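Right, one structure below, let's go through it.
Each value in this text was obtained by applying a stated rule to the coordinates, not by laboratory testing. Only a predicted model underlies this, so the values are computations on that prediction, with no experimental measurement involved. Positions of Cβ are backbone-derived with ideal geometry, glycine not excepted, and every protein chain shown enters the neighbour counts.
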2 protein chains.
Amino acid sequence: MNAEIVAIGTELLLGFVVNSDTPFLGRVLAGVGIGCYTQVTVGDNPERLAEAIRTALNRADLVITCGGLGPTVDDITLETISAVTGRRLTLNRAILKKIRGRFAHLKIRMPNTNVRQAMIPEGAVVFPNEVGTAPGFLLTLSSSRKRGSRRIPAFAGMTHKRPKLLVALPGPPYELMPMVEKHLIPRLRRAVGKTVIASRTLKTTGLTESEVDAKVIDLLSLKGATTVGIYAHPSQVDLRITVKAPNASAAERQILRVESKIRRRLGNLIFGADEETLEAAVGEGLKKKRLTLGVAESCTGGLVQHRITEVPGASDYFLGGLVTYANALKKSALGVPTALLQKYGAVSPQVARAMAVGVRQMTGSKLGLAVTGIAGPTGGSKKKPVGLVYIALSHPAGAKVLRCQFSGDRSIVKFKASQTALDLIRRAVI
Amino acid sequence: MNAEIVAIGTELLLGFVVNSDTPFLGRVLAGVGIGCYTQVTVGDNPERLAEAIRTALNRADLVITCGGLGPTVDDITLETISAVTGRRLTLNRAILKKIRGRFAHLKIRMPNTNVRQAMIPEGAVVFPNEVGTAPGFLLTLSSSRKRGSRRIPAFAGMTHKRPKLLVALPGPPYELMPMVEKHLIPRLRRAVGKTVIASRTLKTTGLTESEVDAKVIDLLSLKGATTVGIYAHPSQVDLRITVKAPNASAAERQILRVESKIRRRLGNLIFGADEETLEAAVGEGLKKKRLTLGVAESCTGGLVQHRITEVPGASDYFLGGLVTYANALKKSALGVPTALLQKYGAVSPQVARAMAVGVRQMTGSKLGLAVTGIAGPTGGSKKKPVGLVYIALSHPAGAKVLRCQFSGDRSIVKFKASQTALDLIRRAVI
């Protein structure tokens, strides 16, 4: 089975919006063992979209379109798919009811244009949209017309005997991704049968790409059914194991073989696998050790707490904290002594430690984390340059303070500091 | 003149590497006034690449390939272009010397495989690579064979009379981008003449896509030299004006004409244009009115303060704030009365208001913002479902409290709440 992806949107052609749907779908297809040989992007133009879908249906068994299912006039995917496949658009009352329900829930009157989103090609299997209004759907196209029992027309453009699958998905990634996970992947797995491509990503923080590379260089040159790739992000290096195997359990065994080799070499530098996040690992550790956390942030401005609270159930261990941008707040809310601020300055190991102690007292938590530094672009000096950050973790038995020098713009410095701060907590609770 | 882009690389199809060349080239083409109607990605496979180049040459005047010019066996672009166009590959001694020079400079012996990168289709104009080894090139393909003076064969696949341009560029963005700026753009400008495509994005928040659509529906169906597109994001709807004009000042005038129409209809629902962010608009307003801000967050968990502190210079107006996940903190740090929490619950307009008042007192700020709600996935009830959020803004003359019901997962609810909270501040300070 092979697939082709057709992304739809003039904004993609113009390069104003980066297409993240297509790479996501590429990874999904690889994950279920379906080859994808061509990916196409066309604008909101019915003729060119029709041509792209026709061409794709001729050379691939599975065609996935993304985008153009919205309620506005430049959303042309429904009509175009209907024209190419000969399947009439019919009103799906269940979807209309769901769309109406969404608007009622939001206490907004549904505009008439949204009715269009409930018009679905006949014979389609509907993929409900849990996040937005536009549903997705799957059409099975066959060149042989079944007479009598079903009145769905044959697909005239088909040159092959085997039925083809046409899937239409909404463009916004936050709508497309959950729909793919919940509705498309299970169907693809069933359609593909037994050859499996599986992969696992091991995520590390604390080493540079070259340092990780040096530890696993022999594995990075593996060829054939098992490969390992290395991918660098800010303050994070991922290793991805990919295996091809006759079935899922053989794939899992082979992944585990390579994974355990990597884990022996990298140990607890690995904070998680696949979708596991650093903030979730922190949460796991805190829950397991029945510890609570309070956080005081200066230069990260709330990012550490934002990340901690991205984890469902964070309220079990995270009590709260402060963003102390003004020095006055460091004194009044955290009890950092004025003398300390005057002698060492706000960006110093002494103040970081005092903030961490102070936030424990203020929130009543067992652990107190504090971050103070210079995110830039201004505020740096020769002695304390932009990117200098102190991170302190206070606990009943004492405190640990890290001195870090990060590179990058304001956003990157904030992110790297949050990554290092979270990892400091993680290592304390594993 | 219209163009088609062919990106080459199996790693792009697999979604492990995000294709940034194609959106970059999309913006470049739009900037010089060349329409781009189709973009294709194929893997490192000679047959499929040949088919993609042939198809592109048939429907576009300009075809740009990116990738596959490296020294390894899976780099197949040179051979494929030679096969499709009938132009023989010939050794370009000037390029070979340059490649040798690069290796000598790095004190590395040049591998024999790199000689391949100096083999260029006959008749090509070479684009030197200042960063890496692989040069790019431009071929002018004509269907009429000039006999005698030049021995370049005609391009058999051509169905049009006009000569076509085929440009091959290296894949790594840091090699491609400077080559495009220095060598491709000037040539394209000369080929196109003076036409300019310019665009502006107006960003709104506070209305749904359908509501914005209804206000500008006549503009969305504009065709020809001026178009308006609509793009929905979580709690944000963008309108992009794109114009084609004979020169930059005519383009700017036409953009302003459409922009002022849109602004008359949407007024201060528009918070910014192009790269301007909502958090920057908040900062501008606070600075202009010389106001300071303190923030108390519950369900957004630090995200509002993180976004505010993404803006350089935020310390001029943002004093700091709290993340009060635990109710005890709402009482001890913000002075929210126990009676209020017991009577109305933490997620209530009364507590939101008390938090906003409390954070003003605690930070000494003029304005106090508070967010309290249920981000999910648990913690909801029939009376207070997941996604229910109260947002309060307290100022010396009183307070405003919003009740919001957001849909989506935990992350989306947090983001939408932060967006609405920032917009509440923005509207108070414009």
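Relative intensity of chain A on a log10 scale, I(q)/I(0) at q = 0.08, 0.14 Å⁻¹, equals -0.62, -1.19, per a Debye sum over C-alpha point scatterers of equal strength in the absence of solvent.
Other residues lying with their Cβ under 13 Å from the Cβ of B:Y37 contribute a combined charge of -3, Lys and Arg counting +1, Asp and Glu -1. Only Cα sites of region B:1-83 enter the Debye sum here, all with the same form factor; the resulting log10 I(q)/I(0) across q = 0.26 1/Å is -1.30, listed in q order.
The spacing between region B:18-39 and region B:196-245, judged by their C-alpha centroids, is 20 Å. Only one residue of B:H395, B:Q361, B:T378 has its Cα farthest out toward the positive end of the dipole of region B:313-399, where Lys and Arg carry +1 and Asp and Glu -1 on Cβ, and that residue is B:T378. Relative to the longest principal axis of chain A, what angle (0 to 90°, nearest 10) does the C-alpha long axis of helix A:410-429 take? Rounded to the nearest ten degrees, it is 70. In a DSSP loop and with at most 15 other Cβ atoms within 10 Å, the trypsin sites (Lys or Arg not before Pro) in region B:1-101 are B:R88. Net charge within 10 Å of A:T300 by Cβ-Cβ distance, Lys/Arg positive one each and Asp/Glu negative one each, not counting A:T300 itself? Surrounding charge for A:T300 is +2. Inter-copy label distances at B:Y174, shortest first and taken from points set 7 Å along Cα to Cβ: 3.3 nm.
The dipole here belongs to chain A: it is taken about the Cα centre, uses +1 on the Cβ of Lys and Arg and -1 on the Cβ of Asp and Glu, and is about 1120 debye.
Rg and Dmax, both from the Cα atoms of the protein assembly as shown and both in Å, are 29.1, 98. Starting from the label point of B:S249 at 7 Å along Cα→Cβ, the same points in the other copies fall at 7.7 nm, in ascending order. The distance linking region B:76-118 with region B:300-321 is 52 Å (Cα centroid to Cα centroid, whole angstrom). The packing ranking, built from the mean of other Cβ atoms within 10 Å per residue, places the peptides B:171-183, B:312-324 in the order B:312-324, B:171-183, highest first.
Compare the Cα positions of A:Q236, A:V258, A:S221 along the charge dipole of region A:196-273 (+1 at Cβ of Lys, Arg; -1 at Cβ of Asp, Glu; about the Cα centre) and return the one farthest towards the positive end. The listed residue farthest towards the positive side: A:V258.
Relative contact order for region B:278-429: 26 percent, from Cα pairs under 8 Å spaced at least 6 residues apart, divided by residue count.
The charge dipole of region A:2-192, taken about its Cα centre with unit charges on the Cβ of Lys, Arg, Asp and Glu (plus for the first two, minus for the last two), comes to roughly 1180 debye.
Take the Cα radius of gyration of region B:2-192 and divide it by 2.2 N^0.38 Å, N being the number of residues; the result is 0.99.
Applying Stokes-Einstein at 20 °C and 1.002 mPa s to the Kirkwood radius of region A:196-273, computed over alpha-carbon pairs, gives a translational diffusion coefficient of 171 µm² s⁻¹. In terms of overall dimensions, the C-alpha atoms belonging to region A:29-75 reach 37, 20, 13 Å along their principal axes, ordered largest to smallest. Helix A:21-32 axis versus longest C-alpha principal axis of chain A: approximately 80°, rounded to the nearest ten. Position A:Q342: other-copy label points at 4.5 nm, ordered by increasing distance, label point 7 Å along Cα→C-beta. If only the Cβ of Lys and Arg carry +1 and only the Cβ of Asp and Glu carry -1, the dipole of the protein assembly as shown around its Cα centre is close to 400 debye.
Under the rule a/c < 1.5 gives rounded, and otherwise a/b versus b/c splits prolate from oblate, where does region A:278-429 land using the Cα gyration tensor? Oblate, since a/c reaches 1.5 and b/c is not below a/b. For A:T113, the shell of other residues with beta-carbons less than 15 Å away shows a net charge of -2, using +1 for Lys and Arg and -1 for Asp and Glu. Peptide packing: for A:387-393, B:266-272, the average count of neighbouring Cβ atoms within 10 Å per residue gives the ranking A:387-393, B:266-272, highest mean first.
Scoring B:289-301, A:109-121 by mean Cβ neighbours within 10 Å over their residues and listing the highest first yields B:289-301, A:109-121.
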